[in-house]
1. So if I check each of VAL69, VAL79, which one is within 20 Å of ALA16 (Cβ to Cβ), out of contact with any Lys or Arg (no Cβ under 6 Å at 6 or more places or on another chain) and of a type in the set (A, V, I, L, M)?
2. Could you figure out which of (1) surrounded by fewer than 17 Cβ atoms within 10 Å (Cβ to Cβ); (2) assigned to a helix (DSSP H, G or I) isn't true of LEU50?
3. Across the stretch 75-97, what is the total count of residues that are in a loop (DSSP other than H, G, I, E, B) and either free of Cβ contacts under 8 Å to residues at least 24 places away in the same chain or surrounded by fewer than 12 Cβ atoms within 10 Å (Cβ to Cβ) (or both)?
4. Of all residues in the stretch 60-69, which are surrounded by 12 or more Cβ atoms within 10 Å (Cβ to Cβ) and hydrophobic (A, V, I, L, M, F, W, C)?
5. Taking the stretch 56-66, which residues are closer than 23 Å to SER7 by Cβ and either without any contact (Cβ under 8 Å) to a residue 24 or more places away in the chain or in contact with a helix residue (DSSP H, G or I) (Cβ under 7 Å, 6 or more places away or on another chain) (or both)?
Amino acid sequence: MRLTDMSEFDAVIARAEPIIATIVTRHRTEGQPLTWRLIHSIEGEVLDELNRAEDLKPAYINLIKHSGVLNYPLNDDPVDFGKSNAIACAFSMIYEAYHRLH
């Protein structure tokens, strides 16, 4: 994987956006607040869906998921990134979609 090969990454982002919107809409209509547990769950659903696509490379899909390095909570508290400027791509996309659609 080359850093200059961004079209592959862009393809993952483009494919993830409608998947995230669909999943977020489902959870939103169930009246659930966006909690840490829910954002992890949504991320898992998104990654599962992306990994089923035969035309996307797993290495690029892995670039959008959260890293264990950031230690995001896994509880039922509302998601709050505080003043963090290091947010996993998928979490950022989910958060934005949830609050845009909610």
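1. Just a single option satisfies the conditions, and that option is VAL79.
2. Against the list (1) surrounded by fewer than 17 Cβ atoms within 10 Å (Cβ to Cβ); (2) assigned to a helix (DSSP H, G or I), LEU50 comes up short only on (1).
3. Residues that pass the stated criteria total 11.
4. ILE61, LEU63, ILE64
5. LEU56, LYS57, PRO58, TYR60, ILE61, ASN62, LEU63, ILE64, LYS65
Laboratory data are not the source of any read-out in this text; all were calculated from the coordinates shown. Everything numeric in this text was worked out from a predicted model, so none of it was measured. A quick note on method: Cβ atoms are made from the backbone with ideal geometry, for glycine too, and the neighbour counts reach across all protein chains shown.
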